[in-house]
Amino acid sequence: SAFTVTDEADTNASFPKTTFAEWTPNNRMFASGSLTVANRDIVWFSNSIDPQTWDRGTNYFKVRSGGGGAVTWLKAFKEFELIIYKEDSIFVLNMDGTTPLTDWDLKPLSVAVGCPAGRTVQDIGNDHIFLGTDGVRLLSRTTFDKLRVGVISDPIRDIIDSINQDAIATSNAWFENGLYILNIPTGTSTVPDRTVIWDSIAAQ
């Protein structure tokens with residue numbers, strides 16, 4: 001936000017020390033992924049009038065603090081929703097309100113399925129696709145305007161089951177021309193890392 005490094009002091013108005021961020025349609029920047037264990041549940045957000053202005057002392061909230069693992073990714077969903085992926089759970093923040101936190105609504109989408117590999121989260125149309133704790137999952141809206149998270153990786157169950165859980169966090173993915181390209185490290189020197197491709201058009 002500046003042409004020099006003089007403004008990058010660690011002040012309350014500075015961008016928080018995090019590892020990923022997401023811009024949302026309500027003109028706010030959300031940031032999370034602190035390397036400090038005490039802040040692993042925290043999501044900070046900017047001022048909507050001036051998105052470069054931060055007040056880290058007040059503009060933040062905790063997501064399943066205490067026992068829910070670290071926040072691994074943030075991804076905008078629909079108009080006023082932000083999906084918050086954690087290591088072992090998924091939450092949805094509804095920001096359809098004027099006053100931050102007071103009018104916002106944070107609810108769990110799943111406390112049984114998480115996303116330890118945040119860099120696998122990708123947009124596919126109006127949906128999200130990601131590598132969850134039990135396979136590749138698709139997060140989508142039903143015709144009744146409900147959110148659902150379904151597994152689509154059963155045909156490669158053997159590959160999913162062979163993932164070393166200590167290495168799964170370094171998985172990453174990209175979506176290009178209808179193809180979801182997922183890179184999975186096996187975490188061993190004897191089994192090659194895997195790259196798998198899901199064709200969203202053929203849905204296979």
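The stretch 16-79: which trypsin sites (Lys or Arg not before Pro) are DSSP loop and have at most 16 other beta-carbon atoms within 10 angstrom? Walk me through the intermediate numbers first.
Details: sites: LYS17, ARG28, ARG40, ARG56, LYS62, ARG64, LYS75, LYS78; in loops: LYS17, ARG40, ARG56, ARG64, LYS78.
Taking the stretch 16-79 and a limit of 16 other Cβ atoms within 10 Å, the loop trypsin sites (Lys or Arg not before Pro) found are LYS17, LYS78.
Using only helices, what value at 222 nm comes out for the chain when you add -39,500 (n - 2.57) per DSSP H run of length 4 or more and divide by the total residues, to the nearest 500 deg cm²/dmol?
On the way: 1 runs with 5 residues, N = 204.
About -500 deg cm²/dmol.
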Checklist entry - What spacing in nm lies between the two simple spin-label points modelled at ILE124 and ARG141, each 7 Å away from Cα in the Cβ direction? => result 1.8 nm
Checklist entry - Tell me, what ³J(HN,Hα) does each residue in the stretch 168-179 have, in order and in whole Hz, if you take phi through Karplus 6.51 cos²θ - 1.76 cosθ + 1.60 with θ = phi - 60° and put x for Gly and Pro? => result 4, 5, 8, 5, 8, 8, 8, 10, 8, 6, x, 10
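Under the classification rounded if a/c is under 1.5, otherwise prolate if a/b is larger than b/c and oblate if not, where does the chain fall, given a ≥ b ≥ c as square roots of the Cα gyration tensor eigenvalues?
Numbers: a/c = 1.91, a/b = 1.50, b/c = 1.27.
Note, shape of the chain comes out prolate.
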Checklist entry - For ILE124, which sequence-distant residues (separation of 5 or more, or a different chain) have an amide H within less than 5 Å of its own amide H, given hydrogens modelled in the peptide plane? => result ILE129
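Report the full-extension gain for the segment ALA38 to ASP50: residue separation times 0.36 nm, less the Cα-Cα distance, to one decimal in nm. Working shown, then result.
Working: separation 12, 0.36 × 12 = 4.32 nm, distance 2.79 nm.
My answer for the length gained is 1.5 nm.
Put THR170, THR72 in order of accessible area, largest first, 1.4 Å probe: what do you get?
Working: THR170 80, THR72 20 Å².
Listed by decreasing accessible area, they come as THR170, THR72.
The values are calculated or read from the model by the stated rules, or taken from the named source; none is laboratory data. Just so it is clear, the structure is predicted and the values come from calculations on it, not from any experiment. With ideal geometry, Cβ positions are generated from the backbone for all residues, glycine too; neighbour counts draw on all protein chains shown. Just the protein is used for accessible areas: all its heavy atoms, side chains included, with ligands, DNA and RNA removed. Shrake-Rupley method; radii C 1.70, N 1.55, O 1.52, S 1.80 Å.
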